[in-house]
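Peer 1: Pasting in a structure now, in structure tokens, and then I'll have a few things to ask.
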Amino acid sequence: MIHSDFHCHTTYADGCHTPAQMVKAALDRGLTTLGISEHAFTPPDAPDFCMAADKGGAYRAEIAALARQYAGRITLLCGVEMDVDSRDDPTLYDYVIGSVHHLTVNGRTYNVDATPQEAQACIDEGFGGDRYAYAEAYFARVADETAATGAQIVGHFDLLTKFTERGVPFDPDHPTYRKAALAALEKLAAQGQVLEINTGAMARGWRQMPYPDARWLPVWRELGGAVVLTSDAHHLDHLQYGFDVSLHLAQTNGFTTAGFTDRLGRDHRQY
Ligand SMILES: [Zn+2]
Ligand SMILES: [Zn+2]
């Protein structure tokens, strides 16, 4: 059984609830470990999708106070979700999720996570309408992201497929797509990062299945990689959303544990 969740957001960025509300919801659910992973200040995402530049200290202090308040009842970790161009110090957090949310092409930054229209605009304006060139650029950034941020966890590996069911489809078996995704997985595995099985887009109605596409899990297993189950919850009702699906995927692909080791060397694996 999984009694943890390591990816969620609060009112410090684009989440609906305060850290205290998320901790109480986690306790109600019987979680033994909760990692809150707020979006680090990232200029292209400000002010809507990330913490303000001066909020990191207050965020860390509030999580630390809650961790003390609830000690013995739940282990509370202070994580952060970072992009290459985030402006924060990863060593101030218990762990880092390295995630790509945007691409900068020809001097313009596009959010690949926001709407199907913006993703399509990036494909059209940045890549001459070639969605597989866009996929190549996305996966190259994912492969570099985690090393640049010192992340322990790879966030939503194939986020670019978020709008596959809403008019921006990708065929993961397209040779260019497959080659780019495999190259990224190989690089991430060599760096020792842990891949999320992330249900965030399911909870919000964008997708039927978690990230990553199930076809990459046996590849990741072959590469010796590990997985962690996360919800990317922006609402307290979505903590551990769809974990039955994620756990089934992990088990059927031969993963015998799920979790990761944090920056301080603490082991958070469960099954
Ligand atoms: Zn994210
Ligand atoms: Zn997130």
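Peer 1: Looking at I74, I97 in this structure, which one is at pLDDT 95 or above, out of contact with any Lys or Arg (no Cβ under 7 Å at 6 or more places or on another chain) and either within 16 Å of ligand 2 (Cβ to nearest atom) or aromatic (F, W, Y) (or both)?
Peer 2: That would be I97, the only listed residue that is at pLDDT 95 or above, out of contact with any Lys or Arg (no Cβ under 7 Å at 6 or more places or on another chain) and either within 16 Å of ligand 2 (Cβ to nearest atom) or aromatic (F, W, Y) (or both).
Peer 1: While we're on this one: Only one residue in M22, M51 is of a type in the set (A, V, I, L, M, F, W, C), under 20 Å from Q240 (Cβ atoms), at pLDDT 95 or above and surrounded by 21 or more Cβ atoms within 10 Å (Cβ to Cβ), so which one is that?
Peer 2: Exactly one of M22, M51 is of a type in the set (A, V, I, L, M, F, W, C), under 20 Å from Q240 (Cβ atoms), at pLDDT 95 or above and surrounded by 21 or more Cβ atoms within 10 Å (Cβ to Cβ), namely M22.
Peer 1: Look at Y177 and say whether it is surrounded by 20 or more Cβ atoms within 10 Å (Cβ to Cβ) and away from ligand 1 (no atom under 16 Å from the Cβ).
Peer 2: Criteria met by Y177.
Peer 1: Which of the residues that make up segment 52-84 are part of a loop (DSSP other than H, G, I, E, B), touching a strand residue (DSSP E or B) at 6+ places or on another chain (Cβ under 8 Å) and over 17 Å from A151 (Cβ atoms)?
Peer 2: If the condition is that a residue be part of a loop (DSSP other than H, G, I, E, B), touching a strand residue (DSSP E or B) at 6+ places or on another chain (Cβ under 8 Å) and over 17 Å from A151 (Cβ atoms), then Y70, I74 are the ones that fit.
Peer 1: Considering only residues that are β-branched (V, I, T) and surrounded by 21 or more Cβ atoms within 10 Å (Cβ to Cβ), look in segment 217-237 and name the one that is nearest to ligand 1 (Cβ to nearest atom). Explain how you work it out, then say what you get.
Peer 2: Taking segment 217-237 as the starting set, the residues that turn out to be β-branched (V, I, T) are 219, 227-228, 230.
Now restrict to residues that are surrounded by 21 or more Cβ atoms within 10 Å (Cβ to Cβ): 227-228, 230.
Values: V227: 17, V228: 14, T230: 10 Å.
If we take residues in segment 217-237 being β-branched (V, I, T) and surrounded by 21 or more Cβ atoms within 10 Å (Cβ to Cβ), then T230 is nearest to ligand 1 (Cβ to nearest atom).
Peer 1: Considering only helices (runs of 4 or more DSSP H) fully contained in segment 185-271, which possess at least 2 residues that are without any contact (Cβ under 8 Å) to a residue 24 or more places away in the chain?
Peer 2: Qualifying helices (runs of 4 or more DSSP H): 243-252.
Peer 1: In the set R87, R108, R68, which member is surrounded by fewer than 24 Cβ atoms within 10 Å (Cβ to Cβ), touching a residue at least 40 places away in the same chain (Cβ under 8 Å) and either more than 16 Å from ligand 2 (Cβ to nearest atom) or acidic (D, E) (or both)?
Peer 2: Working: R108 fails: touching a residue at least 40 places away in the same chain (Cβ under 8 Å); R68 fails: touching a residue at least 40 places away in the same chain (Cβ under 8 Å).
When all the criteria are applied, what remains is R87.
Peer 1: Based on this model, can you work out whether A137 counts as surrounded by 15 or more Cβ atoms within 10 Å (Cβ to Cβ) and either within 16 Å of ligand 2 (Cβ to nearest atom) or free of Cβ contacts under 8 Å to residues at least 60 places away in the same chain (or both)?
Peer 2: Judged against the criteria, A137 is a match.
Peer 1: Sticking with this structure for a sec: Give me the residue from segment 17-42 that is out of contact with any Asp or Glu (no Cβ under 9 Å at 6 or more places or on another chain) and either assigned to a loop (DSSP other than H, G, I, E, B) or within 12 Å of ligand 1 (Cβ to nearest atom) (or both) and, out of that set, farthest from A258 (Cα to Cα).
Peer 2: H17
Peer 1: Scan (1) in contact with a Leu (Cβ under 9 Å, 6 or more places away or on another chain); (2) closer than 19 Å to D113 by Cα for the single condition T230 breaks and write down its number.
Peer 2: The failed condition is (1).
Peer 1: Also, I was wondering about something else. List the number of the failed condition for V168; all other conditions in (1) crowded, with 21+ Cβ neighbours inside 10 Å; (2) of a type outside the set (F, W, Y); (3) within 19 Å of the chain's Cα centre (by Cα); (4) not in a helix (DSSP H, G or I) hold.
Peer 2: Of the numbered conditions (1) crowded, with 21+ Cβ neighbours inside 10 Å; (2) of a type outside the set (F, W, Y); (3) within 19 Å of the chain's Cα centre (by Cα); (4) not in a helix (DSSP H, G or I), the odd one out for V168 is (3).
Peer 1: While we're on this one: Pick from Q117, Q152: which is modelled with pLDDT of 95 or more, surrounded by fewer than 16 Cβ atoms within 10 Å (Cβ to Cβ) and not small (G, A, S)?
Peer 2: Matching residue, one of Q117, Q152: Q117.
The values are calculated or read from the model by the stated rules, or taken from the named source; none is laboratory data. Predicted model only: the values in this text are computed from it and were never measured. As a convention, Cβ positions derive from the backbone with ideal geometry for all residues, glycine included, and neighbour counts pool all protein chains shown.
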